[in-house]
Amino acid sequence: MTTTTAIVTELEQALGPGRVLTGDAIGAKHHVDFSGEHACAPWAVVRPDSTEELATVMKRCHAAGQHVVIQGGMTGLAGGATPQPGELAVSMERMSGIEEIDSASMTATVLAATPLQTLQEAAAAAGFLFPLDLGARGSCTIGGNIATNAGGNQVIRFGMMRNLVLGLEAVLADGTVVSSMNRMLKNNAGYDLKQLFIGTEGTLGIVTRAVLRLYPKLPSKTAALCALGGFAEAVQLLQALQARLAGSLSAFEAMWESYFHCVVDNVEGTRSPFDERHPMYVLIETEGTDEAADRERLEAALEFALDEGIIVDAAVAHSERERESFWAIRDGIAEITPLLQPMLAFDVSMPIGQMPSFLARVDREFAAGFDRVQNHVFGHIGDNNLHLAVTTGREADIRRLSDIVYTATGAHQGSVSAEHGIGTLRRGYLHHSRTREEIELMRRLKTALDPKGILNPNRVVPD
Ligand code: FAD
């Protein structure tokens, strides 16, 4: 058996000095992802510079049967990039940069560790929009976004990361480089191999480069905050806006009463624009090219919703500051999270029609099982996503709370992960959303691409 010392020596020789970290040289950022759970130091961190170097690392690890964990920006919330005992971490951090922005084909070719925000800014400077957007934009990487099929704030209009990837290059567990850098929207020449690496959380290959879709820049943003009588009205509002805003609706963020008021009561600088409390609030955003016309169209749609009794009240943002103040309420989850610890953050999805019965069941079972429970719900309901921030104030209740939520999710034809992924933290719950045959096919794919099981092992697919 090859010793870890022998692997380190060989990789140092192949990659050069300073590229393999061991012992105290390994920074804490390599110990755990943003979930903060089960931190563990890898025994070494390897930092390749190029696809060729990464292929060399993987060939060596494959030959030695060495388990490897892939690390991007470490903002993942599923534990996937957190090392497990005995794993070697491959940090993608040196493989960052934009290779090309092609104006004619409206594509960007980027290296895997490029931060999302860097791409957004480069696209904007070239007169384009890269529409994936999420709170971790400054730290998360394009490779991580592809591996987790990230969602975020604008899915209702532009889709998830999967919809934005035209082609990619990946290194397989045995070091084989598969280059599938397609630039065309239409390409039915055989299997669409890139899909093997999108949303599979680094279990089937390591993404090294990608060709991504760009869109025309949309300089005007208009936002409104609406107060509603309940969930049924939120669904009616979504339908009314989709019909009346000619495809410009880019965000539809629903916030249930308890979430909204937990934020405005606790987060400095946030306040409700309404005098009274309401059962439901929705933050709407449209993006377009003509600010005055966009605002007029949004106001007309809201007037219709008021006249029809779909909404009770609405506040339209008249400045960038006001627009940001509405988003501060939606994004206030980051500020209330420390106040609610120990807190569980659920990220589930289901058909919209199932949401009321799901939420009623969960609240009923929480009330029956615990003396004191807070359940703060918000979500991008237009793309079927619900987030639940749940706490009883007791660490010991976490397992039972998870069982209630994920069992109810399965019973409502939902997914135990809408956008954050399965990683290690939700692996035990995958069966609530996937059939035995689906999970068996996942195992067959894993075995075919990684027969020794060395790449991101013990993640996503249950044993
Ligand atoms: P990491 O955390 O480093 O890794 C995530 C997974 O991908 C791991 O399994 C890792 O092994 C694998 N991986 C990383 N790089 C590669 C690669 N090059 N090739 C193959 N596998 C790789 N997610 C959403 O979907 N929507 C949101 O709205 C959202 N908001 C967030 C807000 C905040 C404040 C935070 C902290 C996180 C949020 N996330 C959200 C989760 C997270 O940002 C995304 O999952 C992101 O895509 C992870 O990218 P990363 O580079 O940090 O990946």
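The values are calculated or read from the model by the stated rules, or taken from the named source; none is laboratory data. Keep in mind that what you see is a predicted model, and the values were worked out from it rather than measured. So basically every Cβ, Gly included, is an ideal-geometry build from the backbone, and we count neighbours across all protein chains shown.
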Test Ser180 against the criterion of being hydroxyl-bearing (Ser, Thr, Tyr) and within 16 Å of the ligand (Cβ to nearest atom), and give yes or no. yes
Please specify each residue of the range 167-177 satisfying the condition of being surrounded by fewer than 21 Cβ atoms within 10 Å (Cβ to Cβ), out of contact with any Gly (no Cβ under 7 Å at 6 or more places or on another chain) and either of a type in the set (A, V, I, L, M) or more than 22 Å from Thr107 (Cα to Cα) (or both). Asp174, Gly175, Thr176, Val177
Residues in the range 65-83 that are in contact with a His (Cβ under 6 Å, 6 or more places away or on another chain) and either farther than 24 Å from Thr337 by Cα or near the ligand (Cβ under 6 Å from one of its atoms) (or both): how many? 1
Is it the case that the range 201-223 has a residue that's surrounded by 18 or more Cβ atoms within 10 Å (Cβ to Cβ), in contact with a His (Cβ under 9 Å, 6 or more places away or on another chain), farther than 30 Å from Ser105 by Cβ and modelled with pLDDT of 95 or more? no
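This table checks each residue for (1) within 16 Å of the ligand (Cβ to nearest atom); (2) farther than 22 Å from Leu185 by Cα; (3) out of contact with any helix residue (DSSP H, G or I) (no Cβ under 9 Å at 6 or more places or on another chain).
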{"site": "Leu204", "(1), (2), (3)": "yes, yes, no"}
{"site": "Val207", "(1), (2), (3)": "yes, no, no"}
{"site": "Arg213", "(1), (2), (3)": "no, no, no"}
{"site": "Lys217", "(1), (2), (3)": "no, no, no"}
{"site": "Ala227", "(1), (2), (3)": "no, yes, yes"}
{"site": "Gln239", "(1), (2), (3)": "no, yes, yes"}
{"site": "Gln242", "(1), (2), (3)": "no, yes, no"}
{"site": "Gly247", "(1), (2), (3)": "no, no, no"}
Quick test for you: out of Ala305, Ala315, Ala254, pick the one residue that is hydrophobic (A, V, I, L, M, F, W, C) and more than 28 Å from Ala334 (Cβ to Cβ). Ala305
Which of (1) in a loop (DSSP other than H, G, I, E, B); (2) touching a residue at least 24 places away in the same chain (Cβ under 8 Å) does Leu21 not meet, given it meets every other one? (1)
Matching residues, the range 84-109, being in contact with a strand residue (DSSP E or B) (Cβ under 6 Å, 6 or more places away or on another chain) and within 10 Å of the ligand (Cβ to nearest atom): Ala89, Val90, Ser91, Met95
Here is a list of conditions, (1) loosely packed, with under 11 Cβ neighbours inside 10 Å; (2) hydroxyl-bearing (Ser, Thr, Tyr); (3) part of a loop (DSSP other than H, G, I, E, B), and Ser35 meets all of them except one; can you say which number that is? (1)
The listed residue being of a type outside the set (Gly, Ala, Ser), within 16 Å of the ligand (Cβ to nearest atom) and in contact (Cβ under 8 Å) with a residue 60 or more places away in the chain, out of Glu287, Glu253, Glu233: Glu253
Residues that are at pLDDT 95 or above and either hydroxyl-bearing (Ser, Thr, Tyr) or surrounded by fewer than 17 Cβ atoms within 10 Å (Cβ to Cβ) (or both), at least 1 per element: which helices (runs of 4 or more DSSP H) completely within the range 287-403 meet that? 291-307, 320-330, 355-369
Please go through the range 130-171 and give me each residue that is modelled with pLDDT of 95 or more, of a type in the set (A, V, I, L, M) and in contact with a His (Cβ under 9 Å, 6 or more places away or on another chain), ordered by number. Ala150
Within the range 128-146, is even one residue surrounded by fewer than 24 Cβ atoms within 10 Å (Cβ to Cβ), more than 10 Å from the ligand (Cβ to nearest atom) and not in a loop (DSSP other than H, G, I, E, B)? yes
Filtering the range 73-97 for residues that are hydroxyl-bearing (Ser, Thr, Tyr), over 17 Å from Arg19 (Cβ atoms) and either surrounded by fewer than 24 Cβ atoms within 10 Å (Cβ to Cβ) or out of contact with any Asp or Glu (no Cβ under 6 Å at 6 or more places or on another chain) (or both) leaves a count of 1
Look at Lys29 and say whether it is within 20 Å of Ala112 (Cβ to Cβ), in a helix (DSSP H, G or I) and either within 12 Å of the ligand (Cβ to nearest atom) or free of Cβ contacts under 8 Å to residues at least 24 places away in the same chain (or both). yes
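Name the residues in the range 400-427 that are in contact with a Pro (Cβ under 7 Å, 6 or more places away or on another chain) and more than 14 Å from the ligand (Cβ to nearest atom), would you? Spell out the reasoning first.
Kept after step one, since they are in contact with a Pro (Cβ under 7 Å, 6 or more places away or on another chain), are these residues of the range 400-427: 413, 427.
Matches in the range 400-427: Gln413 only.
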Subset of the range 224-263 (residues that are part of a helix (DSSP H, G or I) and in contact with a Gly (Cβ under 7 Å, 6 or more places away or on another chain)): Leu238, Val263
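So which residues in the range 147-177 are of a type in the set (A, V, I, L, M), in contact (Cβ under 8 Å) with a residue 60 or more places away in the chain, more than 26 Å from Ala328 (Cβ to Cβ) and near the ligand (Cβ under 10 Å from one of its atoms), if there are any at all?
Ala147, Val171
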Which condition from (1) touching an Asp or Glu at 6+ places or on another chain (Cβ under 9 Å); (2) farther than 23 Å from Pro356 by Cα; (3) without any contact (Cβ under 8 Å) to a residue 40 or more places away in the chain is the one that Thr270 breaks? (3)
